[in-house]
Amino acid sequence: MRIVDVKLIEEAIYEMFLTCCVHPDRALSGRIQDALAVEKSPIAQSILKQIQKNIEIADQNNVPLCQDTGMAVVFIDIGQEVSLKGEYINDAINNAVRRAYQDGYFRKSVLSPITRINTEDNTPAVIHTRIIKGDKIIIRVAPKGFGSENMSRIKMITPAQGIEGIYEFVLETVKNAGGNPCPPITLGIGIGGTFELCALNAKRALLRSLGESSEDEDIAVIEKKLLNDINKLGIGPMGMGGSTTALAVHIISAPTHLAGLPCAINVQCHSVRHESRTI
Ligand code: SF4
């Protein structure tokens, strides 16, 4: 049994939020450059250049990439041969979020859904814990802005609608979202499982490095087709027209019931922020 002090996890999560609210996914700049090479619309080109400039300014001045530093989402996979020592892990995670948002001067956006009174420290974090094999701890964090979160959708598609039903649902969701999620977007899509599992898989899919295809070849083909079709919709960067509506489509599928075909779409804006670390 490997003993891990919870303080180590708190420090890692603190550093990860300080980093990822400022520095986006390492692949983002490259993807913007790729888009610029094929984008024909002058206004779309100008917006992509501004997004690129914004990434550089955030990087050079160590300031947040976007004013909306999001709700703190934490995925933590704990090896079953690990024994945690110290305080309750969820308290440690929330301490890390509280400290990072305070020290980084990040916006505190979390409040009661009923009274709308702000908790003032961006806690509680949304925490997803999983037990895995071995003696490692894998932590992934993602601050999630709500301009894009609000455009996310879930649908219980019928098996008869099949894959065509999924294509239709995805394109309809992107069309209805228009410029609201600050495109160019990335889509995390969960297919199969149950109502809640497909939503969780949609969020997990966004943790993949930007543009990394699924290891499942059949799924990778669907990702490519969807990306291609979305970029023909003409929404463009910030909804101002052009061929760069999405930078990537990431899908995770799971076995489902014979009577159903759940599909969830988690929309991610161009501020693609996440970090991962193994302890
Ligand atoms: S959707 Fe993304 S880019 Fe737009 S305001 Fe929110 S976090 Fe910022």
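The numbered conditions (1) within 16 Å of the ligand (Cβ to nearest atom); (2) open to solvent by 40 Å² or more (accessible area, probe 1.4 Å); (3) not hydroxyl-bearing (Ser, Thr, Tyr) are all true for residue 138 except (1).
Being more than 30 Å from residue 179 (Cβ to Cβ), within 20 Å of the chain's Cα centre (by Cα) and modelled with pLDDT of 95 or more: is that true of residue 88 here? Step through it out loud before you land on a result.
Values: more than 30 Å from residue 179 (Cβ to Cβ): yes; within 20 Å of the chain's Cα centre (by Cα): no; modelled with pLDDT of 95 or more: yes.
So residue 88 fails the test.
From the list 174, 110, 82, pick out the single residue that is surrounded by 17 or more Cβ atoms within 10 Å (Cβ to Cβ), touching a Ser or Thr at 6+ places or on another chain (Cβ under 9 Å) and farther than 30 Å from residue 243 by Cα. I'd like the intermediate steps shown before the answer.
Values: 174 fails: farther than 30 Å from residue 243 by Cα; 82 fails: touching a Ser or Thr at 6+ places or on another chain (Cβ under 9 Å).
Matching residue, one of 174, 110, 82: 110.
Matching residues to (1) part of a helix (DSSP H, G or I); (2) within 16 Å of the ligand (Cβ to nearest atom); (3) of a type in the set (Ser, Thr, Tyr); (4) within 27 Å of residue 129 (Cα to Cα):
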{"residue": "26", "(1), (2), (3), (4)": "no, no, no, yes"}
{"residue": "69", "(1), (2), (3), (4)": "no, yes, yes, yes"}
{"residue": "72", "(1), (2), (3), (4)": "no, yes, no, yes"}
{"residue": "93", "(1), (2), (3), (4)": "yes, no, no, yes"}
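Each row is one residue, and each column tells you yes or no for (1) touching a Leu at 6+ places or on another chain (Cβ under 9 Å); (2) under 30 Å from residue 241 (Cβ atoms); (3) part of a helix (DSSP H, G or I).
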residue: 9; (1), (2), (3): yes, no, yes
residue: 35; (1), (2), (3): yes, yes, yes
residue: 45; (1), (2), (3): yes, yes, yes
residue: 64; (1), (2), (3): no, yes, no
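Would you point out the residue of segment 194-208, among those that are touching a residue at least 24 places away in the same chain (Cβ under 8 Å) and surrounded by fewer than 22 Cβ atoms within 10 Å (Cβ to Cβ), that is farthest from the ligand (Cβ to nearest atom)? Once the filter is applied, the top-ranked residue is 194.
The values are calculated or read from the model by the stated rules, or taken from the named source; none is laboratory data. Because the structure is predicted, anything quoted here is derived from the model rather than measured. Here Cβ is always computed from backbone atoms with ideal geometry, including for glycine, and neighbour counts include all displayed protein chains. Note: areas computed on protein heavy atoms with side chains; ligands, DNA, RNA excluded. Shrake-Rupley method; radii C 1.70, N 1.55, O 1.52, S 1.80 Å.
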